[in-house]
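K.L.:
Sharing a structure here in structure tokens format.
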Amino acid sequence: MEFETIQHTIYRDILEKLPAHLTYHNLAHTDYVLQQAISLAKEEKVSAYDLELLKLAALFHDTGFIDNPKDHEEKGCVIAEGYLSQAYSTEDLDKIKGMIMATKIPQSPKNHLEYILADADLEYLGTDLFEEVGENLYTELKHFNPSFTRQAWDELQLVFMEKHHYHTEYCRQNREPKKQENLLTVKKRLGLV
């Protein structure tokens with residue numbers, strides 16, 4: 001099965017049907033993570049076959065949101081298996097599901113491909129897109145909790161970013177410095193520096 005065919009199907013069947021209040025976990029986010037996964041795979045010298053599995057995991061990693069945010073990674077694994085079980089071996093499906101689960105917070109990837117997808121999912125923390133993407137996530141979280149304040153959001157970001165670390169060499173070298181700058185911005189907003 002060609003990746004583009006699966007991608008088109010998943011975009012049409014699931015990602016385009018995600019509710020509008022998902023301003024972060026949506027088609028644009030999946031597309032961004034997919035592009036970052038491809039880019040990181042090149043930097044990390046991943047084989048063509050592993051790249052195919054990585055792309056599939058990126059495509060399915062948030063499909064579980066079609067149901068409910070809770071345990072969406074586990075649901076995404078079930079969805080992926082449903083779409084891919086005819087075309088991929090059990091071993092390949094296990095790799096794909098492992099990568100999807102590696103995006104669950106707190107992240108605990110166990111191998112190279114899982115490191116790549118985990119980093120692709122949170123790569124934005126160390127980029128100039130940090131504020132824009134963060135705003136989308138804040139808006140989504142506020143939908144589920146209308147009393148969620150910007151102060152509480154910044155406090156959440158602070159704790160999250162202090163615990164987070166990148167797994168790939170590329171992100172440690174090229175995203176961590178900017179992530180530290182972004183963290184400093186959050187600390188300044190909270191009056192901590």
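K.L.:
Kindly check whether there is at least one residue in the stretch 19-27 that is part of a helix (DSSP H, G or I) and either touching a residue at least 12 places away in the same chain (Cβ under 8 Å) or buried (at least 17 other Cβ atoms within 10 Å of the Cβ) (or both).
P.N.:
yes
K.L.:
Go through the stretch 148-157 and count every residue that is surrounded by 13 or more Cβ atoms within 10 Å (Cβ to Cβ) and not in a helix (DSSP H, G or I).
P.N.:
First, pick out the residues of the stretch 148-157 that are surrounded by 13 or more Cβ atoms within 10 Å (Cβ to Cβ): 148, 152-157.
This time we only want the ones that are not in a helix (DSSP H, G or I), so: 148.
Final tally of qualifying residues: 1.
K.L.:
Report whether or not F160 is more than 16 Å from the chain's Cα centre (by Cα) and surrounded by 11 or more Cβ atoms within 10 Å (Cβ to Cβ).
P.N.:
no
K.L.:
Look through the stretch 1-18, keep the residues that are in a helix (DSSP H, G or I) and of a type in the set (A, V, I, L, M, F, W, C), and return whichever of them is surrounded by the fewest Cβ atoms within 10 Å (Cβ to Cβ).
P.N.:
Step one: list which residues in the stretch 1-18 are in a helix (DSSP H, G or I), which gives 3-13, 15-17.
In the following step, the residues that additionally are of a type in the set (A, V, I, L, M, F, W, C) were identified as 3, 6, 10, 15.
Details: F3: 13, I6: 18, I10: 20, L15: 23.
Among them, the one singled out is F3.
K.L.:
Can you list residue pairs whose Cβ atoms sit under 8 Å apart, with the first residue in the stretch 167-193 being open to solvent by 80 Å² or more (accessible area, probe 1.4 Å) and the second being modelled with pLDDT of 95 or more and among the aromatic types (F, W, Y)? Count only pairs 6 or more apart in sequence or on different chains.
P.N.:
Cβ pairs passing all conditions: R172/Y166.
K.L.:
While we're on this one: Quick one: which residue in D67, D71, D92 is out of contact with any Asp or Glu (no Cβ under 8 Å at 6 or more places or on another chain), surrounded by fewer than 18 Cβ atoms within 10 Å (Cβ to Cβ) and at positive phi?
P.N.:
None of the other options fit; the residue is D71.
K.L.:
A further question follows. Out of the residues in the stretch 174-193 that are assigned to a loop (DSSP other than H, G, I, E, B) and at pLDDT 95 or above, state the one that is nearest to L122 (Cα to Cα).
P.N.:
The qualifying residue nearest to L122 (Cα to Cα) is R175.
K.L.:
Sticking with this one: Somewhere in the stretch 117-124, is a residue in a loop (DSSP other than H, G, I, E, B) and either in contact with a Ser or Thr (Cβ under 6 Å, 6 or more places away or on another chain) or surrounded by fewer than 12 Cβ atoms within 10 Å (Cβ to Cβ) (or both)?
P.N.:
The answer is no, given that none of the residues of the stretch 117-124 is in a loop (DSSP other than H, G, I, E, B) and either in contact with a Ser or Thr (Cβ under 6 Å, 6 or more places away or on another chain) or surrounded by fewer than 12 Cβ atoms within 10 Å (Cβ to Cβ) (or both).
K.L.:
Evaluate the stretch 44-62: report whether one residue or more is within 14 Å of I79 (Cβ to Cβ), in a loop (DSSP other than H, G, I, E, B) and charged (D, E, K, R).
P.N.:
Yes: one or more hits.
K.L.:
Is it the case, given these coordinates, that Q86 is open to solvent by 20 Å² or more (accessible area, probe 1.4 Å), among the polar types (S, T, N, Q) and in a helix (DSSP H, G or I)?
P.N.:
Details: open to solvent by 20 Å² or more (accessible area, probe 1.4 Å): yes; among the polar types (S, T, N, Q): yes; in a helix (DSSP H, G or I): no.
Against the criterion (open to solvent by 20 Å² or more (accessible area, probe 1.4 Å), among the polar types (S, T, N, Q) and in a helix (DSSP H, G or I)), Q86 does not qualify.
The values are calculated or read from the model by the stated rules, or taken from the named source; none is laboratory data. Predicted, not measured: the structure shown is a model, and the values here were computed from it. In this analysis, Cβ positions are derived from the backbone assuming ideal geometry, glycine residues included, and neighbour counts consider all displayed protein chains. Surface areas here come from the heavy atoms of the whole protein model, side chains and all, with no ligands, DNA or RNA. Shrake-Rupley method; radii C 1.70, N 1.55, O 1.52, S 1.80 Å.
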